[in-house]
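Peer 1: Take this structure, written in structure tokens, and hold onto it; I'll ask about it next.
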Amino acid sequence: MSRVISKGGNVAVAGGPLRITAAPAGIDLTVLCLRADGKVGGDDDFVFYNQPVSPDGAVRLAGAAIEIDLPRVAASTDRLVVAASVDTGSFGGIALNVAIAERDGETYDLPITGLGTETTVVLAEVYRRTGAWKIRNVGQGYASGLAGLATDFGITVDDDAPAPAPTQVAAPPPVASHTAPASGYTPPPVAPPPSTPSAQPPVPPAAQFAPPAPGPAPYPPPTPPPAPGVNFSKGAVTLTKGAPPVLLEKAPLVRLRVAWASGTDYEAYALVVLADGNIVHVATFPAAGIPANPRYGDLVRHLGDRGRGDIQRGGGHTEEIIEVRLAPEIVAVIPVAYSAINNGTGSFHKYRVTLSIENGADSVSIAADQAKKSSWIFTCVPGIVYNRPEGVLIERLELYSRRFSEHRPAAVLQPDGRVEVRMDKGPVNQFKADST
């Protein structure tokens, strides 16, 4: 028979392996490994979707459960904070059941009550006290969700910083040779030392987030003949930071390939900018007001995952491909890499995300090599592909969303043929809803 740990109560445990589960299904469990000062030591101390094991190997996600091997917990870890979050809705509408079981020992039920608008809740703490381990029922949540939880435990969140200024893609230049918690969660007293503080038509205009400019938007005018030194690049080209755009002879089919080292699961989608100013989203999962739409007629087609590796252990190579036939109605295509789908978040820097534009025998690569070492930046726009009368113009952008933003970018076609990319200004992704 299980013992009940009421809210605020605690019990001593034997100090062996623990298994923590929460019902109903669909709740995401996470663990923060805290030092004596009540803060994480770094991003690796946050065990979650695609970072399923703590640095010491003592904490791991095992399916829908958390397994903790207390004897293996690093000496620098003072407390393990177990939290849960939901993708949609709030915990106020969920009958939450939490259980903690010792191997060959007691089972504990933790009633979690009194929740309302919170989307993230601290369920329990497993903490050291005078050389032994104890469990506490916390049961307090955050209406501000993951950002509030992260801030409280030492992760810097800049959600309140001013939004970045819109980024404009300039008219094609000469092309060079390719060279606060909702209910105040108060941590328990910190142990000594005391000095340490604790095929489809275009999306209708109603579904667009960027209205067309008044009157028909003119098709980008032809540019003058290439100046001396312009190179219609052949072979493989890498666009590094600050490199000028590359102009290629147009192939019948262009492939946009987003690739990364396995160990997480990214998604790729594209914003297709049409000559009439409309924006079509080609994606295998929906956003608010935008249904999943893996193709735009016969011109743009999402092929889904290719070459998936071992997501849990890494070591593989994963990619998603979008095929584009550059008909005159398409002005530009903006490929987007998104990290908060299926297996949670992951650093663009850590997993070496790269966009390759394959145009016949030519290819242009743009690596996310300027990314910060952060797991909380979910969206990257590596570059933009223009459909020009004289060829395919590829420009490096490497734009990133703000931390914790689930918004798609917005794109606006200007009368002179430029495309303005506005990060975090599009609809909110309906993440973890991949329909492929």
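Peer 1: Carbon and sulfur together cover what percent of the accessible area of the range 32-129 at a 1.4 Å probe radius?
Peer 2: Carbon-and-sulfur percentage of accessible area, whole number: 47.
Peer 1: Nearest 0.05, what FRET efficiency do A65 and D369 give at R0 = 45 Å with Cβ-Cβ as r?
Peer 2: Computed FRET efficiency for A65 and D369: 0.75.
Peer 1: Across every pair of different alpha-carbon atoms, what Kirkwood hydrodynamic radius in Å does the range 9-58 reach?
Peer 2: One decimal place: 13.0 Å for the Kirkwood radius.
Peer 1: Now for a separate question. Taking +1 at the Cβ of each Lys and Arg and -1 at the Cβ of each Asp and Glu, which of A36, N97, S2 sits farthest along the dipole of the range 1-99 towards its positive end, judged by Cα position relative to the Cα centre?
Peer 2: So the residue furthest toward the plus end is S2.
Peer 1: Summing Lys, Arg as +1 and Asp, Glu as -1, what charge do residues with Cβ under 14 Å from the Cβ of V138 carry, V138 excluded?
Peer 2: With Lys, Arg at +1 and Asp, Glu at -1, the neighbours total +1.
Peer 1: I would also like to ask the following. For the range 2-156, with only Lys/Arg (+1) and Asp/Glu (-1) charged at the beta-carbon, what is the dipole magnitude about the Cα centre, in debye rounded to 20?
Peer 2: 420 debye
Peer 1: Rounded, prolate or oblate, given the Cα gyration tensor of the range 357-422, with a/c below 1.5 counting as rounded?
Peer 2: The shape class here is oblate.
Peer 1: Another one. Starting from the Cα of T113, move 7 Å in the Cα-to-Cβ direction to define the label point; list residues of the range 75-96 whose amide nitrogen is under 16 Å from there.
Peer 2: 92-96
Peer 1: Ranking request for peptides 293-300, 135-142, 21-28, 253-260: highest mean number of other beta-carbon atoms within 10 Å first, then the rest in descending order.
Peer 2: Taking the mean over residues of other Cβ atoms within 10 Å, the ranking is 135-142, 253-260, 293-300, 21-28.
Peer 1: What net charge do the residues around R408 carry, taking every other residue with its C-beta under 14 Å from that of R408, with Lys and Arg at +1 and Asp and Glu at -1?
Peer 2: So the surrounding residues net to 0.
Peer 1: Using heavy-atom solvent-accessible surface (probe 1.4 Å) with all chains present, what is the largest-first order of D78, D104, D43?
Peer 2: D104, D43, D78
Peer 1: Considering amide H positions built from the backbone, and no H for Pro or chain starts, which residues 5 or more places from D424, or on another chain, come under 5 Å of its amide H?
Peer 2: It is A410, by chain and number.
Peer 1: What full-extension length gain, to one decimal in nm, is calculated for S6 and A132 as 0.36 nm per residue of separation minus the Cα-Cα distance?
Peer 2: So the extension gain works out to 43.3 nm.
Peer 1: Also, I was wondering about something else. For K250, what accessible area in Å² do you get when you roll a 1.4 Å probe over the heavy atoms of the protein chains, rounding to the nearest 10?
Peer 2: The accessible area of K250 comes to roughly 90 Å².
Peer 1: Quick one: if you stick a label point 7 Å off each Cα along the C-beta vector at R325 and A95, how many nm between them?
Peer 2: So the label points at R325 and A95 sit 5.4 nm apart.
The values are calculated or read from the model by the stated rules, or taken from the named source; none is laboratory data. Small disclaimer: the values here were computed from a predicted structure and weren't measured. A quick note on method: Cβ atoms are made from the backbone with ideal geometry, for glycine too, and the neighbour counts reach across all protein chains shown. Just so you know, the surface numbers come from the protein's heavy atoms only, side chains and all, with ligands and any DNA or RNA stripped out. Shrake-Rupley method; radii C 1.70, N 1.55, O 1.52, S 1.80 Å.
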